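Asks: One structure, as structure tokens, below. Some questions next.
Each reported figure results from applying straightforward, stated rules to the coordinates on display, with no laboratory input. Everything quoted here is computed from the prediction, not taken from an experiment. Here Cβ is always computed from backbone atoms with ideal geometry, including for glycine, and neighbour counts include all displayed protein chains.
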Amino acid sequence: MFYGFLKQQAVKETGLEIVDSDNGSGLTIQFTRTIFNDASDHAFFGYKGFEGVDYAILSPRIDSHELRLNGYSIAPTSDKKQLETCRGVIQRTIEYYRVFGLESQIFLSLQKLILKRNFLGHCELCPD
């Protein structure tokens with residue numbers, strides 16, 4: 001559910017569609033997966049995710065450019081200016097979920113699920 005929301009948000013904010021392969025022009029699944037993994041790493045492991053990792057804009061061909069993060073192509077396109085927008089979107093989105101404590105919300109949801117499975121009928125969190 002959260003992953004799907006992130007995909008919709010990425011498409012809306014960048015104006016690019018999710019592409020199935022690195023051969024297309026748009027956002028790869030790594031774009032959304034990077035945001036999701038960073039939020040999850042913060043929530044479950046206290047890991048700092050992609051903090052301090054640099055983004056690179058490469059031009060493997062004269063008419064082809066890509067935004068890369070940690071070795072992954074996250075946005076290939078022919079419009080180099082579009083990649084600056086993509087870089088801003090992914091940086092803002094990652095920072096947003098760090099600042100607003102998404103990690104604590106995910107952790108609390110996980111704890112509730114564990115309680116529901118282990119203590120059936122013993123609290124308001126448990127199913128009927």
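Asks: Report, by chain and number, residues whose modeled amide H sits under 5 Å from the one on I74, excluding near sequence neighbours (fewer than 5 apart, same chain).
Replies: The list, which skips near neighbours in sequence, is L67, R68, L69.
Asks: Long-range amide H contacts for G24: which residues qualify at under 5 Å (H placed 1.01 Å from N, peptide plane, sequence gap of 5 or more or a different chain)?
Replies: Those lying under 5 Å, H to H, from G24: there are none.
Asks: Also, quick follow-up: Once you have the Kirkwood Rh of the stretch 2-108 from its Cα pairs, apply Stokes-Einstein at 25 °C and 0.890 mPa s and quote D in µm²/s. Mind dumping the intermediate values first?
Replies: On the way: Rh = 14.0 Å.
Rounded to a whole number, D works out at 175 µm²/s.
Asks: Say each of Y47 and L108 gets a label point 7 Å from the Cα, pointing the same way as Cα to Cβ; how far apart are those two points in nm?
Replies: Using points 7 Å along Cα→Cβ, the separation is 2.5 nm.
Asks: Compute the distance in nm between two label points, each set 7 Å from the Cα along the Cα-to-Cβ direction, one at D63 and one at M1.
Replies: Here the modelled spin labels are 4.5 nm apart.
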